[in-house]
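All remarks here apply to the structure that follows.
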């Protein structure tokens, strides 16, 4: 018996309940409830910022090794 059915549109049906999901365009994750999408996008932004901060340090360490 299948209980969980997910479609590409972001709707998930669990028994008799239909849950609407927001789909992240960056990673494809389905976010329940849809209001949590902003927090998820903030997560991507924080990761991007951390990565950009790390780049100069990494370049310094590779320059010293050469």
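The values are calculated or read from the model by the stated rules, or taken from the named source; none is laboratory data. Predicted, not measured: the structure shown is a model, and the values here were computed from it. Glycine also receives a Cβ, built like all others from the backbone with ideal geometry; neighbour counts cover every protein chain displayed.
Can you tell me which residue in segment 14-25 is farthest from residue 45 (Cα to Cα), limited to those that are at pLDDT 70 or above and in contact with a strand residue (DSSP E or B) (Cβ under 7 Å, 6 or more places away or on another chain)? Talk me through it step by step, then tell me what you get.
Initial filter on segment 14-25 (at pLDDT 70 or above): 15-25.
Within this subset, residues satisfying the condition of being in contact with a strand residue (DSSP E or B) (Cβ under 7 Å, 6 or more places away or on another chain) are 18-24.
On the way: 18: 30, 19: 26, 20: 24, 21: 20, 22: 17, 23: 16, 24: 13 Å.
Among those residues, the one meeting the criterion is 18.
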On the basis of being surrounded by 10 or more Cβ atoms within 10 Å (Cβ to Cβ), more than 18 Å from residue 11 (Cα to Cα) and modelled with pLDDT under 90, does residue 58 make the cut?
yes
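Per-residue answers, yes or no, for (1) modelled with pLDDT under 70; (2) in contact with a strand residue (DSSP E or B) (Cβ under 6 Å, 6 or more places away or on another chain); (3) surrounded by 12 or more Cβ atoms within 10 Å (Cβ to Cβ); (4) not in a loop (DSSP other than H, G, I, E, B):
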site: 1; (1), (2), (3), (4): yes, no, no, no
site: 8; (1), (2), (3), (4): yes, no, no, no
site: 27; (1), (2), (3), (4): no, no, no, no
site: 37; (1), (2), (3), (4): no, yes, yes, yes
site: 44; (1), (2), (3), (4): no, no, yes, yes
site: 49; (1), (2), (3), (4): no, no, no, yes
